[in-house]
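Here the structure is laid out as structure tokens; the discussion comes afterwards.
The values are calculated or read from the model by the stated rules, or taken from the named source; none is laboratory data. No experiment lies behind these values; they were computed from the predicted model shown. Here the Cβ positions follow ideal geometry from the backbone for every residue, glycine too, while neighbour counts run over all protein chains shown. With ligands, DNA and RNA removed, areas are computed over all heavy atoms of the protein, side chains included. Shrake-Rupley method; radii C 1.70, N 1.55, O 1.52, S 1.80 Å.
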Amino acid sequence: MEEEIEILQSIYLNDIQMIDLKSEPRCIELSVYPTLSENEEENKKNIILCLIIKLSKNYPSEIPIFEFKNVKGVLDHDLEIIKSKIIDTANRNIGEYMLYEIIQEIKDFLTTYQNVPKNCKCSICLSYFEKSDNVAHLNCYHYFHNSCLKTYLSYALSDIEKEKQEAKFHKIKWLYRTVGCPECRQEITDKQIQELNKYSVLSSPIEETNDKIIISSKIRKLQEHMRNLFEKQRAKGGIIEPKEEYIISLNRSDEIQSDEES
């Protein structure tokens, strides 16, 4: 439990208003608002709420109690939708730490309030979202135009298929890999790919831009927090280091069992 709280503190920083782990139930209060731009105060300007989380001594085997206060810019109907999303997420994660996923579920809903994120760019074409745009997001909470993401998936899946065919032609074992998020490389699930395949593909190539990425002082502070947390977890044995080298060995075809058959 303490480790989960430590992770939340490193991620949400000043958004956490209060943590009380001594009373019963234990209580956490934090501000939740859309992630629309690097300007934190602008993000909080129109839509924000205070989430109160009450944890029993049996957490995470018992679902926490969630309450709202100081709600601004969110309709009562949409609060009921948020509550429903919280219950669904909590029920799926009974027995596991769930607070981060629930908080992100709320932020995700608020960010797509009125359907399209405001003051936010597609991470592929780097164009700002417009009200008429169809927007998709992945489990990592990165947003894209539906058509941009579909185009990216088409090329990425095509490359993977070519790798399979080349491995088969050269009679070597193909090392399984899947498509990752264009921004953070987190794996995109087969279910997400199936849903995104419903959208049409752009016929024209994506235009490049010369926009420069500016790293704010807040992001640098967060990077420092995460770096310290990473080193602390690695010292405790919580980080599994990847192998420095991975050698692909060539074998005869009769000695190979395809990943697709396993």
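Worth a mention:
- Accessible-area order (highest first, 1.4 angstrom probe) of the listed residues H145, H77: H77, H145
- Cβ-derived FRET efficiency at R0 30 Å, K232 paired with H137, nearest 0.05: 0.50
- For the pair S154 and L75, a Förster radius of 45 Å applied to the C-beta separation gives a FRET efficiency near 0.75, rounded to the nearest 0.05.
- In this calculation the C-beta distance from L175 to M1 is compared with R0 = 35 Å, giving a FRET efficiency of 0.35.
- Here the label points at S61 and I219, each 7 Å from Cα along the C-beta direction, are separated by 4.4 nm in the simple model.
- Among the listed pairs K54/K218; K69/K121; K54/K83, those whose Cα-Cα separation exceeds 19 Å are K54/K218; K69/K121.
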